[in-house]
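Colleague: Just passing along the structure, written as structure tokens.
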Amino acid sequence: MNWHPIGDISDIPLRGSRCVKTPQMNIAVFRTSEHEVYAIENRCPHKGGPLSEGIVHGNAVTCPLHNWVISLETGKALGADNGTVRTIPLKNEGGTLYIALESLMMAAE
Ligand code: FES
């Protein structure tokens, strides 16, 4: 895979996120209270709300617009809601975060 560095884990607040803009899409990179990191498209599968502004709890985020709960691991809406947001492969190497660029190229096709 073609890994692209996007900064350090310490740039992301605990239970918070930061936005990474790419030509294909805006990505929200989340850090959980357990210091796990996930990258998903910053666009709620319901009506496109900015998931990066949602509340992180466990390995999920609650959309700030209408409170859908999205799994950061699978990108799927949890509970009774149906929808999936794109997840982007992310790795953490000694605190530096990388996303896989190929998956973005595929997203643009
Ligand atoms: S846009 Fe996210 S819950 Fe409606």
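The values are calculated or read from the model by the stated rules, or taken from the named source; none is laboratory data. The structure displayed is predicted, hence computed values, not measured ones. Reconstructed Cβ throughout: ideal geometry from the backbone, glycine too, with neighbour counts over all protein chains shown. In case anyone asks, the SASA skips ligands and DNA or RNA and just uses the protein heavy atoms, side chains included. Shrake-Rupley method; radii C 1.70, N 1.55, O 1.52, S 1.80 Å.
Colleague: Which of the residues belonging to region 31-61 are open to solvent by less than 30 Å² (accessible area, probe 1.4 Å), of a type outside the set (Gly, Ala, Ser) and without any contact (Cβ under 8 Å) to a residue 60 or more places away in the chain?
Modeller: Scanning region 31-61 gives Thr32, Ile40, Asn42, Cys44, Leu51, Val56, Val61.
Colleague: Within region 77-93, can you find the residues that are among the aliphatic types (A, V, I, L, M) and within 12 Å of the chain's Cα centre (by Cα)?
Modeller: Within region 77-93, Val85, Ile88, Leu90 qualify.
Colleague: In region 7-25, which residues are open to solvent by less than 50 Å² (accessible area, probe 1.4 Å), out of contact with any strand residue (DSSP E or B) (no Cβ under 6 Å at 6 or more places or on another chain) and within 14 Å of Ile55 (Cα to Cα)?
Modeller: Gly16
Colleague: Just checking, how many residues over region 31-61 are away from the ligand (no atom under 11 Å from the Cβ) and more than 20 Å from Pro89 (Cα to Cα)?
Modeller: 2
Colleague: Output the strands (runs of 3 or more DSSP E) that fall wholly within region 7-69 and possess 3 or more residues being among the basic types (Lys, Arg), or say none.
Modeller: none
Colleague: Looking at region 62-83, which of its residues are surrounded by fewer than 17 Cβ atoms within 10 Å (Cβ to Cβ), of a type in the set (A, V, I, L, M) and near the ligand (Cβ under 9 Å from one of its atoms)?
Modeller: Of everything in region 62-83, just one residue is surrounded by fewer than 17 Cβ atoms within 10 Å (Cβ to Cβ), of a type in the set (A, V, I, L, M) and near the ligand (Cβ under 9 Å from one of its atoms), namely Leu65.
Colleague: Look at Ala28 and say whether it is open to solvent by less than 40 Å² (accessible area, probe 1.4 Å) and without any contact (Cβ under 8 Å) to a residue 60 or more places away in the chain.
Modeller: It is true that Ala28 is open to solvent by less than 40 Å² (accessible area, probe 1.4 Å) and without any contact (Cβ under 8 Å) to a residue 60 or more places away in the chain.
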